[in-house]
1. Would you confirm whether any residue within the stretch 90-99 is out of contact with any helix residue (DSSP H, G or I) (no Cβ under 9 Å at 6 or more places or on another chain), at pLDDT below 75 and among the aromatic types (F, W, Y)?
2. Here is a list: V22, V29. Which entry is surrounded by 12 or more Cβ atoms within 10 Å (Cβ to Cβ), in contact with a His (Cβ under 8 Å, 6 or more places away or on another chain) and modelled with pLDDT of 85 or more?
3. Taking the stretch 1-19, which residues are of a type in the set (A, V, I, L, M, F, W, C) and surrounded by 11 or more Cβ atoms within 10 Å (Cβ to Cβ)?
4. Counting residues that are among the polar types (S, T, N, Q), within 28 Å of P73 (Cα to Cα) and outside the structural domain of E77 (by TED's automatic domain parsing), which strands (runs of 3 or more DSSP E) fully inside the stretch 7-59 reach at least 2?
Amino acid sequence: MMIDHVEGHYETHSMSYGQAFVWCPECVVVECECGETVILTASESMCRCGIDHEVLVRETMSFGSQRYETLHPWDQEYREWLERQEEYLRSEDIYQQEWNDID
């Protein structure tokens, strides 16, 4: 019996030198017939007792169609950096134009 389903996602871990982004794959929490609660993934669908829950895992997960809308946590930071670079390049063009006008 399925208990929970967790989509694949990134977790952010703070480190002394910055942040680490760790990918956590999609998983399904299942209560096995043997009574044990197990966390299953696409590559790990068996309980320790030997029962294979592959069919349940396939039905629950979006097999083969990884969702690309899961954004990397650093995407927003990159977009902001890119905007600053574009502003810098525009100001550099203005600076160059001013020098040309002086000559």
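The values are calculated or read from the model by the stated rules, or taken from the named source; none is laboratory data. The shown structure was predicted, so the numbers you read here are calculated from the model rather than taken from an experiment. When we count neighbours, we look across all protein chains shown, and the Cβ atoms used for this are built from the backbone with ideal geometry, even at glycine.
1. Yes, that holds for at least one residue.
2. On the way: V22 fails: surrounded by 12 or more Cβ atoms within 10 Å (Cβ to Cβ).
When all the criteria are applied, what remains is V29.
3. Within the stretch 1-19, the first condition is being of a type in the set (A, V, I, L, M, F, W, C), and the residues that meet it are 1-3, 6, 15.
Answer for the stretch 1-19, where residues must be of a type in the set (A, V, I, L, M, F, W, C) and surrounded by 11 or more Cβ atoms within 10 Å (Cβ to Cβ): M2, I3, V6.
4. Numbers: elements: 9-15, 18-24, 27-31, 37-40.
Passing ranges, in order: 9-15.
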